[in-house]
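Before any comments, here is the structure.
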Amino acid sequence: MVVECRGAQCQRLDPPPGPNLRSPPTHSKGYVGSDTYGKLTAVLRDMPDTVVLLDEFEKAHPEVHKNFLTAWNDGFVTEASDGRQISTTGAIFVLTTNAATDTLSELSGRYASRPEELRRASVQALREAGFAPEVLSRIDRIFVFRPLEGLDIARVGALEIEEMIRGYGLEIAEGGIDVAVLHELVRRQQKLGSVGSSRDLVRAIEDTVADSLIAARQRKLTKVRLIVRGDAIAAEPAT
């Protein structure tokens, strides 16, 4: 919604789990002596009003969290390859997390009509989940979403699957996701509970279909279908 309202581009980054202290956060910049910009700095240079999505931020090392403070406090990030300071003042940073999901869901119900109390309680819950106070102090708004259930899981999972398939240079044929695949997504989500995101579920599916997707690409196919075959999910050419 933010991207649509601003008419901006959205850049999605998956912060690394390790501290990676000798290089900038999320592999976002080049390195000294490089003649190319990194992922984050290149986007901010070319589209300074972009929306930067830091997905599943809790999985990043705490030092990676703190490395973003320069962008938020000082209003720039430094490109390591040439030392240029790239402004971040026009960008919006959106962080997602599955940390403290159950606690936050309970708090959102308890303080539904008291937003200031909800914010204070949410900040405390995230702090107890491992977020540094200095990082939390730079977050302007916290939005708590209810856990996905039933058809919601299927809809979001289908969108994630389509994105994953496009990453292999392929498209899902119309009606090409077997209903049994979506049922499997719902079943796995119910088993994982609130700790499992739709992306976690799709990653598990990708592990089972990656070889067949690569084979389809090598055969110069353009569209595939996902089906359940026995106990596994498989990709097959669309007819």
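Out of the residues in region 117-158 that are assigned to a helix (DSSP H, G or I) and in contact (Cβ under 8 Å) with a residue 60 or more places away in the chain, state the one that is farthest from His61 (Cα to Cα). Quick ask: steps written out before the conclusion?
As a first pass, look at region 117-158 and keep what is assigned to a helix (DSSP H, G or I): 117-128, 133-136, 151-158.
With the extra rule that they be in contact (Cβ under 8 Å) with a residue 60 or more places away in the chain, the set shrinks to 134-135.
Details: Glu134: 15, Val135: 13 Å.
Per the stated criteria, the residue is Glu134.
Conditions: (1) in contact (Cβ under 8 Å) with a residue 24 or more places away in the chain; (2) more than 24 Å from Lys39 (Cβ to Cβ); (3) surrounded by fewer than 16 Cβ atoms within 10 Å (Cβ to Cβ); (4) touching a Pro at 6+ places or on another chain (Cβ under 8 Å). Asp102 meets all but one. Number of the miss?
Unmet condition: (4).
Cβ-Cβ below 6 Å, separation at least six or inter-chain, first residue in region 58-79 and crowded, with 16+ Cβ neighbours inside 10 Å, second aromatic (Phe, Trp, Tyr): which pairs?
Note: pairs meeting the criteria are Glu79/Tyr37.
Name the residues in region 207-227 that are under 30 Å from Gln190 (Cβ atoms) and modelled with pLDDT of 85 or more, would you? Please lay out each step first, then the result.
The first filter runs over region 207-227 and keeps only residues under 30 Å from Gln190 (Cβ atoms), leaving 207-213, 224-227.
Across region 207-227, the qualifying residues are Val209, Ala210, Asp211, Ser212, Leu213, Val224, Arg225, Leu226, Ile227.
Restricting to region 109-146, and then to whatever is over 22 Å from the mean Cα position of the chain (by Cα) and among the small types (Gly, Ala, Ser), can you tell me which residue is surrounded by the fewest Cβ atoms within 10 Å (Cβ to Cβ)?
Step by step, filter region 109-146, then rank; the result is Ser113.
So in region 160-174, with the set limited to residues that are free of Cβ contacts under 8 Å to residues at least 12 places away in the same chain and not acidic (Asp, Glu), which one is surrounded by the fewest Cβ atoms within 10 Å (Cβ to Cβ)?
Filtering first and then ranking leaves Gly167.
Which of the following residues is within 18 Å of Cys10 (Cβ to Cβ) and either among the β-branched types (Val, Ile, Thr) or not assigned by TED's automatic domain parsing to the domain that holds Arg188 (or both): Gly109, Gly90?
On the way: Gly109 fails: within 18 Å of Cys10 (Cβ to Cβ).
Answer to the selection: Gly90.
Determine whether Leu95 is surrounded by 17 or more Cβ atoms within 10 Å (Cβ to Cβ), under 24 Å from the mean Cα position of the chain (by Cα) and farther than 24 Å from Gln11 by Cα. Explain how you work it out, then say what you get.
Values: surrounded by 17 or more Cβ atoms within 10 Å (Cβ to Cβ): yes; under 24 Å from the mean Cα position of the chain (by Cα): yes; farther than 24 Å from Gln11 by Cα: no.
Judged against the criteria, Leu95 is not a match.
Counting just the residues of region 178-204 that are among the hydrophobic types (A, V, I, L, M, F, W, C) and either at pLDDT below 75 or in contact with an Asp or Glu (Cβ under 8 Å, 6 or more places away or on another chain) (or both), which one comes out nearest to Thr96 (Cα to Cα)?
Within region 178-204, the first condition is being among the hydrophobic types (A, V, I, L, M, F, W, C), and the residues that meet it are 179-182, 185-186, 192, 195, 201-202, 204.
Right, trim to either at pLDDT below 75 or in contact with an Asp or Glu (Cβ under 8 Å, 6 or more places away or on another chain) (or both) and you get 192, 195, 201-202.
Working: Leu192: 18, Val195: 13, Leu201: 17, Val202: 17 Å.
It comes out as Val195.
So if I check each of Gly157, Gly75, which one is in the same structural domain as Val202 (by TED's automatic domain parsing) and not polar (S, T, N, Q)? Show your work before the answer.
Numbers: Gly75 fails: in the same structural domain as Val202 (by TED's automatic domain parsing).
Matching residue, one of Gly157, Gly75: Gly157.
In this structure, does Arg217 turn out to be touching a Phe, Trp or Tyr at 6+ places or on another chain (Cβ under 8 Å), loosely packed, with under 15 Cβ neighbours inside 10 Å and not assigned by TED's automatic domain parsing to the domain that holds Ala100? Write out each step before concluding.
Working: touching a Phe, Trp or Tyr at 6+ places or on another chain (Cβ under 8 Å): yes; loosely packed, with under 15 Cβ neighbours inside 10 Å: yes; not assigned by TED's automatic domain parsing to the domain that holds Ala100: yes.
For Arg217, the condition - touching a Phe, Trp or Tyr at 6+ places or on another chain (Cβ under 8 Å), loosely packed, with under 15 Cβ neighbours inside 10 Å and not assigned by TED's automatic domain parsing to the domain that holds Ala100 - is met.
For region 51-83, which residues satisfy the criterion of being part of a loop (DSSP other than H, G, I, E, B) and modelled with pLDDT of 90 or more? Outline the logic, then answer.
Here is the first cut: in region 51-83, the ones part of a loop (DSSP other than H, G, I, E, B) are 55-56, 60-61, 68, 75, 79-83.
Result: Gly75, single match.
The values are calculated or read from the model by the stated rules, or taken from the named source; none is laboratory data. Keep in mind that this is a model prediction, so the values were computed, not measured. All Cβ positions, glycine included, derive from the backbone under ideal geometry; neighbour counts span all protein chains shown.
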